[in-house]
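**Q** The following block contains the structure, expressed as C-alpha cells.
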Amino acid sequence: DQQVKQNSPSLSVQEGRISILNCDYTNSMFDYFLWYKKYPAEGPTFLISISSIKDKNEDGRFTVFLNKSAKHLSLHIVPSQPGDSAVYFCAASAHYGGATNKLIFGTGTLLAVQP
Amino acid sequence: DAGVIQSPRHEVTEMGQEVTLRCKPISGHDYLFWYRQTMMRGLELLIYFNNNVPIDDSGMPEDRFSAKMPNASFSTLKIQPSEPRDSAVYFCASRSRTGGETQYFGPGTRLLVL
C-alpha cells in the first residue's frame, strides 16, 4: 500500500511554461513533506520542503503547495527550464511525540521540459 | 565535503551469489539510510541506523538481506543469496541530527542479478 502516491509517471512541458507536479498521501499523521529531484545515474537531491503548519513555501522558481484537507501537495516550477528535466520524488514524514521518523517516498514523476 | 560515497557503482552477478554494497556517509551525520529504487515501487526504505544502531529494518524484504554499520563512517548491505528480482538501484543516504529532515543521497549502486 503506497502511502505517498504520484499518479502521473511523466509530464511534458514547454520551456518557459509552468510545470505542476502532484502528490497525494493517505496517512493523516504526515506532517512534513519534501520534494527531491533526480537526474539519471545520480542520487536524489533535496529541492524544497514544507511543514504541515504552512500551506505554501516558495524558493525561487519552485513553490510547494499543501492542501491538508485533501491530503494533496503540488510542486510548481515557473518558468520551466530544460535543466529541470529530471525525475521528481515526493516524500513525507511523521513526527510522533517529537521524534523524527523515516521518509516515505512516492514512485516519482519524470518531467521533460521541451526547448 | 565528498558527499555520500557508494561502491561499487555497478554490479552484475549471477543468481545465488553473495552481493555486498558499501556506503560511506557524510562525516558527522548521525543517521544512515538504505533505499531500493524500482520502477514499480519507487524509493523504498530498507533500513536505517542512528549512531550505528539499526532502528527500523521493517523494509528489509526478507532474510536474504542484511545490513551492518560497524562504525560511523561505514555501512554494508548484503544480499545472500541474490535473486533476479533483487535487480534494482540501491541508494545510501545520510543526514545530521541537527539538519532537519533533509537526507543526502549517494549516487547509488545499480545491481543486476542474472
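The values are calculated or read from the model by the stated rules, or taken from the named source; none is laboratory data. Predicted model only: the values in this text are computed from it and were never measured. Using ideal geometry, Cβ is built from the backbone for each residue, glycine included, and neighbour counts are taken over all protein chains shown. For the accessible areas, the whole protein counts, side chains as well, though only heavy atoms, and no ligand, DNA or RNA atoms are used. Shrake-Rupley method; radii C 1.70, N 1.55, O 1.52, S 1.80 Å.
**Q** Counting only residues that are within 13 Å of another protein chain (Cβ to nearest Cβ) and over 10 Å from the mean Cα position of the chain (by Cα), how many does segment B:3-28 have?
**A** The total comes to 7.
**Q** Exactly one of (1) surrounded by 20 or more Cβ atoms within 10 Å (Cβ to Cβ); (2) within 28 Å of A:Lys37 (Cβ to Cβ); (3) touching a residue at least 24 places away in the same chain (Cβ under 8 Å) is unmet by B:Val113. Its number?
**A** It is condition (2) that B:Val113 fails.
**Q** Further question: Tell me which residues, restricted to segment A:7-32, are under 16 Å from A:Phe105 (Cβ atoms), modelled with pLDDT of 95 or more and crowded, with 19+ Cβ neighbours inside 10 Å.
**A** Across segment A:7-32, the qualifying residues are A:Leu21, A:Cys23, A:Tyr25.
**Q** So how many residues does segment A:16-53 have that are facing chain B (nearest Cβ under 10 Å) and of a type in the set (D, E, K, R)?
**A** The qualifying residues number 2.
**Q** When you scan segment B:1-25, how many residues do you find that are open to solvent by 60 Å² or more (accessible area, probe 1.4 Å) and either more than 18 Å from B:Ala93 (Cβ to Cβ) or of a type in the set (Phe, Trp, Tyr) (or both)?
**A** 6
**Q** Considering each of B:Arg41, B:Arg85 in turn, give the residue that is within 26 Å of A:Cys23 (Cα to Cα) and over 14 Å from the mean Cα position of the chain (by Cα).
**A** Testing whether each residue is within 26 Å of A:Cys23 (Cα to Cα) and over 14 Å from the mean Cα position of the chain (by Cα) leaves just B:Arg41.
**Q** To continue, here is another question. Kindly evaluate B:Phe74 against the criterion of being within 22 Å of A:Gly108 (Cβ to Cβ), touching a residue at least 40 places away in the same chain (Cβ under 8 Å), open to solvent by 10 Å² or more (accessible area, probe 1.4 Å) and under 12 Å from the mean Cα position of the chain (by Cα).
**A** Answer is no for this residue.
**Q** Give the number of residues within segment A:20-60 that are outside any strand (DSSP E or B) and under 30 Å from B:Pro8 (Cα atoms).
**A** 6
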